[in-house]
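Written below as C-alpha cells is the structure these notes are about.
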Amino acid sequence: MISLNDITLTFPDGDERITAVDNVTLTAHPGTVTGITGPSGSGKSSLLAVAATLIRPDSGQVLIDGVDATALAPREATELRREQIGIVFQQSNLIPSLTAHEQLTVMNELGARHSRGRRTAVAKRSRELLDAVGLAPHADKRPHQLSGGQRQRVNIARALMNEPSVLLIDEPTSALDQERGASIIELILRLTGDLKTSTLLVTHDLVHLPQMHGVVTLVDGRIVADPPRTASTPLRADLGAVAS
Ligand code: ADP
Ligand code: MG
C-alpha cells in the first residue's frame, strides 16, 4: 500500500519557486490501479517521482507499507525503492544490447555476489514474468527486434522482478496506437490484480480512466475534482481531498 500525505514539491524557477505538486493526498491499496491524469505540466510525473522516493518533497509523507520514506536516510530509501517499488518511466530505458530476458535479470546480477541457486531463481522469475506479459516467445530478442508495445511489456515485466508492493507507471501508452495502448492498460490491470500491487498509473488518455479503481485529476499540481467513473468500477482507492 502507498499513501501520499499532503505532498508539496517545488522547483527553483529563476529567483522564485514553481509549485509542481501542491498539497496532494492519496492512498492506493493492494490490487488496485489509481489513475493520475491532468494536462501537460500539471505535476503528474513530479508526483510519481515523489512516490518513487526519487525526489524528496518539500513537505508531506510518502508511506510505503507504513514506512515513511521521506524520513529515511538516502541509503535506506534506495533499499526501500529496490525492494518495494517497481517503476516504469515515461521514456523507455531498455539497454539496446540486451535481450528481453537479460533486461530483467541484469539488475539482479550487477554488483552482488550471488549463488547459483539465486541466479536460477532470478532466471525463473524472468521467464515467468515474460510469459505473464505475453512475451515468452520473444525472450531472446533485443529491443530493436520488438515493437513499441512489446518493449513497453518488457519495461513492465522488469519493474515487477523484485516483487514490489507498489507499482508506478508513467504514461505507458503515449507512444502506442489506441489498440496497443488499450492492451497495455489491460495488462497493467491484470497484473495488479494477480500480483496485488498498489499501482499508480499516470495517463492523459481519458478513454482508459473508467477501468481504473480510482482516478485523481491534477491541475497546476492540485487535485481538482471527483474522478469520473462508472457504476461497475467502484472507488476502491481512498482519494484524499486537497487541504488548501
Ligand atoms: P506532467 O508530468 O503532468 O506533464 P511535470 O510533473 O513534468 O508535469 O511538471 C510539473 C511542473 O514542474 C511543470 O511546470 C514543470 O515545468 C516543472 N518541473 C518538472 N520537473 C522539473 C525540474 N526538474 N526542474 C524544474 N521544474 C520542473
Ligand atoms: Mg509527465
Output for the range 153-176, where each listed residue is open to solvent by 20 Å² or more (accessible area, probe 1.4 Å) and under 16 Å from residue 90 (Cα atoms): 153, 158, 174, 175, 176
Residue 36 - would you say it is touching a strand residue (DSSP E or B) at 6+ places or on another chain (Cβ under 6 Å) and away from ligand 1 (no atom under 16 Å from the Cβ)? no
For the range 13-61, name all the residues that are without any contact (Cβ under 8 Å) to a residue 60 or more places away in the chain, over 20 Å from residue 85 (Cα atoms) and either of a type in the set (Asp, Glu) or more than 16 Å from ligand 2 (Cβ to nearest atom) (or both). 13, 14, 15, 16, 17, 58, 59
Determine if the range 18-32 includes at least one residue that is more than 19 Å from the chain's Cα centre (by Cα) and away from ligand 1 (no atom under 14 Å from the Cβ). yes
With the checklist (1) farther than 19 Å from residue 223 by Cβ; (2) out of contact with any Ser or Thr (no Cβ under 6 Å at 6 or more places or on another chain) in hand, flag the one item residue 41 doesn't pass. (1)
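Let's see how each residue does on (1) under 19 Å from residue 166 (Cα atoms); (2) not small (Gly, Ala, Ser):
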residue	(1), (2)
62	yes, yes
77	yes, no
85	yes, yes
102	no, yes
122	no, yes
134	no, no
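Results for (1) at pLDDT below 90; (2) within 17 Å of residue 194 (Cα to Cα); (3) acidic (Asp, Glu), shown as yes or no for each residue.
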position	(1), (2), (3)
85	no, yes, no
91	yes, no, no
95	no, no, no
109	yes, no, yes
144	no, no, no
152	no, no, no
163	no, yes, yes
173	no, no, no
Residue, nearest to residue 159 (Cα to Cα), within the range 62-93, restricted to residues that are within 16 Å of ligand 2 (Cβ to nearest atom) and open to solvent by 30 Å² or more (accessible area, probe 1.4 Å): 87
For the range 40-63, indicate whether the set of residues that are over 25 Å from residue 192 (Cα atoms), out of contact with any Gly (no Cβ under 8 Å at 6 or more places or on another chain), modelled with pLDDT of 95 or more and more than 15 Å from ligand 1 (Cβ to nearest atom) is non-empty. yes
Given the structure, is residue 201 within 16 Å of ligand 1 (Cβ to nearest atom) and crowded, with 18+ Cβ neighbours inside 10 Å? yes
Can you tell me which of 102, 76 is over 30 Å from residue 139 (Cα atoms), touching a helix residue (DSSP H, G or I) at 6+ places or on another chain (Cβ under 9 Å) and free of Cβ contacts under 8 Å to residues at least 12 places away in the same chain? 76
Only unsatisfied item for residue 146, checking (1) under 19 Å from residue 35 (Cα atoms); (2) surrounded by 13 or more Cβ atoms within 10 Å (Cβ to Cβ), is (1)
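The values are calculated or read from the model by the stated rules, or taken from the named source; none is laboratory data. Predicted model, so just to flag it, every value in this text is computed and none were measured. Reconstructed Cβ throughout: ideal geometry from the backbone, glycine too, with neighbour counts over all protein chains shown. Ligands, DNA and RNA are stripped out before the accessible areas are found, and what is left, the full protein with its side chains, is counted by its heavy atoms. Shrake-Rupley method; radii C 1.70, N 1.55, O 1.52, S 1.80 Å.
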